[in-house]
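Below: the structure, in C-alpha cells.
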Amino acid sequence: MRWRWGTVGGAVALLAITAWMAGNLGGVFVPRLGEGAIAIQPTRIPSIALTTSVDMQEQLEQKLKEAFPDEIAAIFARTGTAEVATDPMGPNVGDTYLMLHPRNQWTHARTQEQLAEQIEEFLRNIPGQNYEISQPIELRFNELISGIRSDVAVKIFGDDMEQLLAAGENIARLLQTVEGAADVKVEQVTGLSVLTIDTDRAAIARYGLNVSDVQQAVRIAFGGEEAGILFEGDRRFPIVVRIPDHLRENLDSLKQLPIPLPKVDGGRLASIDDALPTSDGGAGYLPLEALAEIRLAEGPNQISRENAKRRIVVQANVRGRDIASFVHEAQREIDEQLDLPEGYWIEWGGQFENLIAARQRLMIVVPAALFLIFVLLFMTFGSARDALLVFTGVPLALTGGVIALWLWDMPFSISAGIGFIALSGVSVLNGLVLVSFIRELLKEGSALRDAVVNGSLARFRQIVTVGLVASLGFVPMALNTGMGAEVQRPLATVVIGGLISSTLLTLIVLPTLYLWLGSPRMEGDTDQRSSAELANGAHIQ
C-alpha cells in the first residue's frame, strides 16, 4: 500500500510542477518564420516632398549595402501608394526589402534576429526617419489580420487628439523600458503642413461681402473650376481653370489673390478706396490678405477611428522574448505609472490580440476533443472506471509536452496547441493496449494482482514499440532547420516529449491505479471462483 501512495503522490507532484511550468512558458500566436528577407519601413515627416523622400530612400539603401555587403544580396523599395491602391501610403512612407545571401556567407551575425538588431543599431545613425524592421510576409499579414504592422499595439481611445497624443508619448516611453521592446513608435497624427485661411468677418462686412464670396474665390484658385469640355474624337476632357502651380505654392502670391467686390447701386461703400480698379467699371478687387488671415501651420496628419471612436496607436516589435510575457509586463508598468483622463481607455492589439482569440478558441476545442476521447473509450470498454483509467494517459502525456517546451525554451504557440490536441489522442493508445489485455486476463479468471502484473509484463514490448514508432516519426520535424521549421518544431517537440512521458508513466502509474481502483469484491470473487473450480475439478476426478 505504501508504494501505491508513493507512485500516485509522485504523479500528482509531477502534474503540479508541470502546471507551474505551463504558467511560466509564455506565449506567441505563431512562431516567427525566417523568410530569408528583411523588410524595413522608414517613416519620414508627413509634409515631405516626393523627390526628397526618394533621395533619402536612395541614401538609405546605399548605406545599408555598404555596411552589410556579405548579408544583403539586393535591395529594392517602393514609396507612396502604388497604381493599384491596395495599400495606400503617403510619400513619407516607404517599404524597403532586403534580400539576403545564404546564411553561411554572413560575417556580421549568425541568425536573422541578430542581423535585424545590428541593422536597427546602424539605422540610429541615420537621422530624419523612424524605422520599423520586420519581414515582408510578416509585415503584410500583421496589417491584413489586425490592421497593425507591428507585433504589439496599444490602442488609446478618446476624444481630444492632444490628450491622445500625450498619452501615446507616455506609453511609448514606458514600453521602451520593457525588456524585448524594439521599434517603438507612436502613430503619426501631426506634422502635416496646413494652409489656414480665417476670414475676417468684420472686414468683409465693411465691403459688402459674404464668407461664401471669399471661399468661392479661394476654391477656384486652388481647386479650379470647370470652364468647358475639350473633345478629341470620342474622348472628352474637362477644361479646368485655376492659378498656376508656382503661384499656388508661394504664400506671398496667395496673399495677393484678388477678391472681387460687389457692385453697389446708388453709391460707393465705405473704405472702397483701398480696392483695385477694374476694367469693367465694377467696384474693384481687394487682396485676400485684406479680408482674411493667412498662415501656414502644422496640422493633423490623420485622424483614425475604430468603432466610431477616435484612437491613436503605439506600436512595438518584440525581440528576444515571447509576446505574452512582454505584454503582461508592459500592462503592469502602464497600470502602475499611467493615469488616463476620464473617458479614455486602452486596448491591446496586434499579434497579442490574435493570441488571446486563439486561446479562447482552444478553450472550446480542447475540452471538446478530450470529451470525445472519453466517449470513445467508454464505448470501447463499457465501463466508466476503465475509461477513466485509460484517460489518465492524457495528463501524463501533457506533462512531457510541457517539460519538453520548457527544456527547449519554446513558448506556447498555436502549433504547440495543435501538438497537444494530437498528443491527447495518441497518448491513450498505450493505456488502451494495457487495459484491454488486463481485462482479458480477468475474464479468463486471473486474480486482479496477477492480471495487472502479468498484463504489464506481457504488453511491455508493445507499449514501448508504439511510443517509439510514434515519437521517432516526429524527430526529423523537430530537428528541421529549413524554411518553415519554426512552426513545425513546437508541434514535434510537444508530441515527442509527451509520448516519452506517456510511455514511461503508463507502465508505472496506470498499473498502480488499476490495482488501487480495482474492486476488492472483484478480486475476492475471482479467488472464490478459482477455488470453486479447483474443488469441482477434484470432485469430478
Self-check item: Rel. contact order, % - alpha carbon contacts under 8 angstrom, at least six apart, the chain
Solution: 19
Quiz item: Taking only C-alpha pairs under 8 Å that are 6+ residues apart, what is the relative contact order of region 181-252 in percent?
Solution: 19
Quiz prompt | Potential extension, Ala357-Val54 segment - 0.36 nm per residue separation minus Cα distance | solution = 105.1 nm
Quiz item: Bin by bin, in steps of 10 Å, what percent of the Cα pairs in region 185-237 do you find, going until the bin that has the longest distance?
Solution: 17, 27, 23, 21, 12, 1
Self-check item: DSSP loop trypsin sites (Lys or Arg not before Pro) with at most 16 other Cβ within 10 Å excluded, longest remaining stretch of the chain
Solution: 322-541
Quiz prompt | Per residue accessible area of the chain, 1.4 Å probe, in Å² | solution = 54
Quiz item: How many nm separate the modelled label positions at Arg78 and Trp348, each set 7 Å beyond the Cα in the direction of the Cβ?
Solution: 3.3
Quiz item: Can you give the accessible area of Thr51, probe radius 1.4 Å, in Å² rounded to 10?
Solution: 100
Practice problem: Report the net charge of residues surrounding Leu64, where surrounding means a beta-carbon distance below 12 angstrom and charges are Lys +1, Arg +1, Asp -1, Glu -1. | Solution: -3
Quiz item: Within the chain, how many Lys pairs sit with Cα atoms under 24 Å apart, leaving out pairs fewer than 8 places apart on the same chain?
Solution: 5
Quiz item: Given 10 Å bins starting at zero, what is the percent of C-alpha pairs of region 333-478 in each, up to the one with the largest pair distance?
Solution: 9, 28, 27, 17, 9, 6, 3, 1
Quiz item: Expressed as a whole percentage, what fraction of the accessible surface of the chain belongs to carbon and sulfur atoms when a 1.4 Å probe is rolled over the protein heavy atoms?
Solution: 57
Quiz prompt | Cα-based convex hull volume of the chain per residue, rounded to whole Å³ | solution = 263
Quiz item: HN-Hα J couplings of region 41-56 from phi, Karplus 6.51/-1.76/1.60, θ = phi - 60°, integer Hz, Gly and Pro as x?
Solution: 10, x, 10, 10, 4, x, 8, 5, 6, 4, 5, 5, 4, 5, 4, 5
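Please give the contour-minus-distance gain from His108 to Trp408: 0.36 nm per residue of separation, less the Cα-Cα distance, rounded to one decimal in nm.
Contour length minus the Cα-Cα distance gives 105.4 nm.
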Quiz prompt | Alpha carbon Rg of region 101-232, scaled by the compact-globule rule 2.2 N^0.38 Å | solution = 1.77
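The values are calculated or read from the model by the stated rules, or taken from the named source; none is laboratory data. Quick caveat: nothing in here was measured; it's all calculated off a predicted structure. Using ideal geometry, Cβ is built from the backbone for each residue, glycine included, and neighbour counts are taken over all protein chains shown. Heads up: the accessible areas ignore ligands, DNA and RNA and are worked out on the full protein's heavy atoms, side chains in. Shrake-Rupley method; radii C 1.70, N 1.55, O 1.52, S 1.80 Å.
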